[in-house]
């Protein structure tokens, strides 16, 4: 996890050089924080090409890091090679498929997006000292909270809201511009808040403010996926927290939420949540919960196509050309299997294995249970949500995973330095 440092001895530094180094260090940290803060705000991007405002902040951060000579050798520590092997396998599978069957221009677009997200962003945001990584995670929590507040304001107070912020059926999209993805980010934000509180990195009052905001934002999305991910994240965090006080407090909070929902749900809960989620739960009719039948059809179609793409895929962004609906299947595993063959799918699985590995190492070799728990929980949330994604290079989705793995890796590095 160590970086490539500028070879200067403190005693030989001139005052001017010291001020320059300190200024660059401060600028690096601020630009990285800006990139993280903007990353969930998918709204701020170009229409012609997927280039976001967060990307510009990230590139500025990279420039400063190069000036400082501080690019990390191994941003995820000893599991970095596993992560890079996953990226290489994913890229190779898509490349082989595109060379033989696909469109090279589509390959260049998608490959460049994956490389920026899975390699460049990793080297920019990960590999930082533990306190700085914690600070970046706090910035991400702040950003997700701001997104939920903004979305709630638009839903409740803006007449005829922009469909990029609120769907036609009244579901919150906010600056993420997507409903299920906004809900998944809310679930990740809750996991981070709970674990940062366990680590005593944020005050109880801040957690008490953020949690209801995030929960309410998730209900405004009307997302069943968001409800499942939130429930899973809270359960894993509470069960493995190792704190009886935290366990009893969480149990009391859950009981209060359940009682309130039973007796005052019609008054408190948003209409979109009651119609799409609560009614489906109480009636057992999954059709009320969303387009499950359409998704099931696309998945069956993808499984049929995958029989002929195990060795050589269709090529990047080519699934839509063979689909009866002319649309990619919303399942990243099947999409990569059909477009990049088994090699691309193995690449994705190696990325997820990196998260599990660094979490395991943090828990069992660095005695950093909470940091490892964050990495494991968010990796599992990521793995589950990929069942609803197409390609997954969007910055708003990659940054939380990168920071979760970076925190676990930083705890390993911190333990090694203390020996």
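The values are calculated or read from the model by the stated rules, or taken from the named source; none is laboratory data. Predicted model, so just to flag it, every value in this text is computed and none were measured. Don't worry about glycine lacking a Cβ; one is built from the backbone with ideal geometry, like all the others, and counts go over all protein chains shown.
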* To do: Among the residues of the stretch 188-201, write down those that are surrounded by fewer than 21 Cβ atoms within 10 Å (Cβ to Cβ) and either at pLDDT 95 or above or under 17 Å from the mean Cα position of the chain (by Cα) (or both).
  => 201
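Which one of these is buried (at least 19 other Cβ atoms within 10 Å of the Cβ) and outside any loop (DSSP other than H, G, I, E, B): 314, 342, 351, 303? Step through it out loud before you land on a result.
On the way: 314 fails: outside any loop (DSSP other than H, G, I, E, B); 342 fails: buried (at least 19 other Cβ atoms within 10 Å of the Cβ); 303 fails: buried (at least 19 other Cβ atoms within 10 Å of the Cβ).
After ruling out the rest, the residue left standing is 351.
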* Structure fact -> A careful count of residues in the stretch 81-104 that are under 18 Å from residue 354 (Cα atoms) and in contact (Cβ under 8 Å) with a residue 12 or more places away in the chain gives 10
* Asked: What is the number of the single condition among (1) touching a helix residue (DSSP H, G or I) at 6+ places or on another chain (Cβ under 6 Å); (2) part of a loop (DSSP other than H, G, I, E, B); (3) within 22 Å of residue 249 (Cα to Cα) that residue 189 does not meet?
  -> (2)
* To do: Please go through the stretch 116-140 and pick out each residue that is over 18 Å from residue 57 (Cα atoms) and part of a helix (DSSP H, G or I).
  => 130, 131, 134
* Does any residue of the stretch 170-187 turn out to be surrounded by fewer than 19 Cβ atoms within 10 Å (Cβ to Cβ), without any contact (Cβ under 8 Å) to a residue 12 or more places away in the chain and over 22 Å from residue 245 (Cβ atoms)? -> no
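Quick check on my filter: what residues within the stretch 355-369 are assigned to a helix (DSSP H, G or I) and crowded, with 23+ Cβ neighbours inside 10 Å? I'd like the intermediate steps shown before the answer.
Kept after step one, since they are assigned to a helix (DSSP H, G or I), are these residues of the stretch 355-369: 355-364, 369.
Selection gives 355, 358, 359, 362.
Out of 29, 23, report the one residue that is over 25 Å from residue 182 (Cβ atoms) and at pLDDT 95 or above. Steps first, please.
Values: 23 fails: at pLDDT 95 or above.
None of the others qualify; the one that does is 29.
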* Asked: Which one of these does residue 48 not meet: (1) within 24 Å of residue 174 (Cβ to Cβ); (2) under 20 Å from the mean Cα position of the chain (by Cα)?
  -> (2)
* **Residue count for the stretch 49-67, restricted to those that are closer than 14 Å to residue 123 by Cα and touching a residue at least 60 places away in the same chain (Cβ under 8 Å)** => 4
* Structure fact -> Checked 125, 107 against criteria (touching a residue at least 24 places away in the same chain (Cβ under 8 Å), buried (at least 19 other Cβ atoms within 10 Å of the Cβ) and over 21 Å from the mean Cα position of the chain (by Cα)); the one match is 107
